[in-house]
Structures are given as C-alpha cells and as structure tokens.
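Before any comments, here is the structure.
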Amino acid sequence: MKIMILALSIAALLLSGCTNTSKPSSGSRYSIKHDHGPSAPVDVSNVPDAVPKVEPKSRGGNKSTYKVLGKRYSVLPASDGYREIGGASWYGNKFHGHLTSNGETYDMYKMTAAHKSLPIPTYVKVTNLKNGRQVIVRVNDRGPFHKGRIIDLSYAAASKLGMLRSGTARVEVEAINPVTWNASKIIASSATKIVPDTLPKPLRTNVSSKGVLAAGSYLQVGAYSLEASARKVASQLDNDFTIDTHVNNLERASGSLYRVLLGPVVNRTEADNMIEKLTQRGFLGAHLVNF
C-alpha cells in the first residue's frame, strides 16, 4: 500500500512539473512561457515586404537611453548609414497580439522587427548571409537582448529568410532611406529592361560628356526614355564614383532609349563591388554589358 501511495505521489509531482513549464513566470504579462510559432505551419510566401515610407519617430520606444535586465542601451539619433552584420533571431506566438515598444500591436504575420538602437520606426533590408535571401522589414520594437544578436524578426520575415528551423541566422542589416528608395523605384519604373545579349555593338550614338566609349565591359545602371532622367542619374553617380559615367543613346523603332553606364570595368571583382555599392544607393538591377 505504501509503495502504491509513493508511486502515485511521484506521478503527481512529474505531472505538476510538466504543467508548470507551459505557464508564464510569476508577474509575466505573457500567457506563454516558451515562445514558438503557430500551432501549424503557415504559408507566408505571399506576404509582401514592408514598403519604406517617411514617418515621424514614434512617441513610444525612442528614449535616448533605456535599461533592460540591468544593462543600459542607447538609441541612435538617425538611421542613415547604418549597416551591421550579426545574429538574427525571431519571435512569434508568445508576443503575438501584445503591444510593441512604440504602442503598436505585434502581428507575427507582418514584416516587422525589433532592434536595440535604431530609431522607431526604421525600415531595414535584412540579408541571410547563408542563403542570400532578403526581406525588408519595419522596426517597431526593442530587442533582442541576447549576446551576439542584432535583430529580432517576425515569424513571417524569418520564414521568408529560411531561418525558422534553425531559430537564428547570420545576417546583414542595412537601414533604408525611404526618400532615396522611393526615388529609385520611380526612376526604375520608367526604364525599359534590356537583355544584354541582344544589345547592338557598337552603340549608334554616344552622348556621353566624357568621350566616346572604348571597347570593354560596362555596368549598365539603368535605361530611361527621357534623356533628362538619364542625365540626372548620371550626374548623381558622377559624384559617387571615380570611374567614368556615360549616357548613351540607343535608337529603337519605338523611340530613343538613354542608358546610364559606368566603366570600362577592369575585372569582375571591381564590377561586384560596384554593384554592391549601387544596390546600397537604391540602384537595383545593375549588370555588365560589353561593347
């Protein structure tokens, strides 16, 4: 009889211990102790990236300094030029429906993130350095407060980056300037895409202010139906790059097309470095063409 009572007592203690692991710690505002994703996998492949736009700083979450777990953190006055490589994690169901640092409601199915020091809100491009996947998210919360991690991503963002299973990933985080980002989109929308292999050689007309194109490889930054648009972009690049900038006119049956080129490019390494620099400045899709 004593043996049976002892066995029942042990079973009760074990059951009690398992139950307590799912309860929040004393004083916690969350109903879940250990964070996790939705109860069943959710397809978020069609969830669009956050769209950068100019927003004022939130009234909440932007104190110049704040303290968490005994450690003091400082908030940057601006996000311009921010770029950092480090660890990323993600947060899900435990925080879903709760308020973020700026007073918004956290939705794990939206493209948002938490960051310790960027102003709220800030739009950032996050690149998973293992697989090259990229997303754009809006920072509206503070965290993560774990050593070696620089950003905490929503469930949706983490899923699109392919890091749900691992839980963490090494990423590059770059702040986006909404003004220049949107300007580049407007310019790109007026451009006509050209397949490099179908380009005529040589160009019929050269209207470059830096002389006639020499044979070689060039980076095509964009193609525009208006010469004024091409020259405006070329002028901007002329200030950012030491390599020659060219505007070339391609005559087509449907009208002239003005292409902005950088070069000639010496080698592939130089081209890759320039493409990375152009991407950072909002010029997406730069590629090599030969003349």
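The values are calculated or read from the model by the stated rules, or taken from the named source; none is laboratory data. Values in this document were obtained by computation on a predicted structure and should not be read as measured data. With ideal geometry, Cβ positions are generated from the backbone for all residues, glycine too; neighbour counts draw on all protein chains shown. For the accessible areas, the whole protein counts, side chains as well, though only heavy atoms, and no ligand, DNA or RNA atoms are used. Shrake-Rupley method; radii C 1.70, N 1.55, O 1.52, S 1.80 Å.
Residues in the range 89-111 that are out of contact with any helix residue (DSSP H, G or I) (no Cβ under 8 Å at 6 or more places or on another chain), of a type outside the set (Asp, Glu) and closer than 19 Å to residue 49 by Cβ: 100, 106. If you check 219, 164 for being open to solvent by 20 Å² or more (accessible area, probe 1.4 Å), among the hydrophobic types (A, V, I, L, M, F, W, C), on the phi < 0 side of the Ramachandran plot and modelled with pLDDT of 85 or more, only one passes: 164. If you check residue 276 against the conditions, is it of a type in the set (Asp, Glu), at pLDDT below 85 and either in contact with a helix residue (DSSP H, G or I) (Cβ under 9 Å, 6 or more places away or on another chain) or closer than 25 Å to residue 175 by Cα (or both)? Criteria met by residue 276. On inspection, residue 188 qualifies as farther than 16 Å from residue 112 by Cα, at pLDDT below 90, open to solvent by 20 Å² or more (accessible area, probe 1.4 Å) and out of contact with any Cys (no Cβ under 7 Å at 6 or more places or on another chain). Among the residues of the range 75-103, those identified as among the small types (Gly, Ala, Ser), crowded, with 17+ Cβ neighbours inside 10 Å, outside any strand (DSSP E or B) and modelled with pLDDT of 90 or more are 79, 101.
Looking at the range 220-264 only, could you name the residues that are out of contact with any Ser or Thr (no Cβ under 6 Å at 6 or more places or on another chain), assigned to a helix (DSSP H, G or I) and among the acidic types (Asp, Glu)? Answer for the range 220-264, where residues must be out of contact with any Ser or Thr (no Cβ under 6 Å at 6 or more places or on another chain), assigned to a helix (DSSP H, G or I) and among the acidic types (Asp, Glu): 227, 240.
Restricting attention to the range 265-286, the residues that are exposed (fewer than 13 other Cβ atoms within 10 Å of the Cβ) and either of a type outside the set (Asp, Glu) or part of a loop (DSSP other than H, G, I, E, B) (or both) total 5. Residue check: residue 72 meets all listed conditions (1) open to solvent by 20 Å² or more (accessible area, probe 1.4 Å); (2) assigned to a strand (DSSP E or B); (3) touching a residue at least 12 places away in the same chain (Cβ under 8 Å) but one, namely (3).
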